[in-house]
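The values are calculated or read from the model by the stated rules, or taken from the named source; none is laboratory data. Fair warning: this is a prediction, and the values are worked out from it, not measured in the lab. Every residue, glycine as well, gets a Cβ built from its backbone with ideal geometry; the counts of neighbours run over all protein chains shown.
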Amino acid sequence: MSAKTEYAVKLHKNGCNCAQAVACTFCKEFGIVEQEMFRIAEGFGLGMGVMEVCGALSGMAMIIGLDNSKGNVEEGSPSKGDTYKKIKTYVQKFKEKNGSCICRELKGVDTGKVLCSCPQCIADAVELTEEYLKSAK
């Protein structure tokens with residue numbers, strides 16, 4: 001387990017939601033104040049509050065977007081399509097490992113069969129984010 005994964009799991013144990021735990025782990029690389037990322041990611045926990053897409057994956061998507069976006073509001077986003085493709089690739093990797101990317105399915109809400117715990121979803125999302133960042137260099 002990487003230091004980042006350990007930190008993200010610790011953040012979750014301390015009360016961060018899954019999206020916050022993943023996104024806040026990468027703040028230093030992007031010069032973002034952790035408290036700001038905490039606020040930005042708050043609504044993305046518990047599958048955006050309604051148990052849809054896993055919050056850990058939302059955190060991962062935020063970091064991939066931060067890394068890949070050209071950030072030019074005036075000219076639109078020429079990197080948008082590429083960012084979507086990269087996120088799709090890493091979400092697919094998560095799904096292949098865990099059987100779903102939907103919070104309620106991962107938690108077994110409807111079936112009683114837990115596919116992946118929150119700490120493991122967080123660990124997997126952090127590891128995939130680290131993999132992405134290494135490949136993007």
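Some notes on this structure:
- Qualifying residue in the range 22-39 (condition: at pLDDT below 95 and either exposed (fewer than 12 other Cβ atoms within 10 Å of the Cβ) or farther than 13 Å from T129 by Cβ (or both)): no
- Which numbered condition G45 fails, given (1) at pLDDT 95 or above; (2) buried (at least 21 other Cβ atoms within 10 Å of the Cβ): (1)
- Count - residues of the range 66-107 that are over 26 Å from Y7 (Cα atoms) and of a type outside the set (F, W, Y): 14
- Tally of residues being closer than 19 Å to F26 by Cβ, in a loop (DSSP other than H, G, I, E, B) and either of a type outside the set (S, T, Y) or in contact (Cβ under 8 Å) with a residue 60 or more places away in the chain (or both) across the range 71-98: 1
- Pairs with Cβ under 6 Å, 6+ apart, first in the range 1-26 and basic (K, R), second buried (at least 20 other Cβ atoms within 10 Å of the Cβ) and modelled with pLDDT of 95 or more: K4/T25; K4/V126
- Residues of the range 99-137 classified as within 25 Å of F30 (Cβ to Cβ) and of a type in the set (D, E, K, R), total: 6
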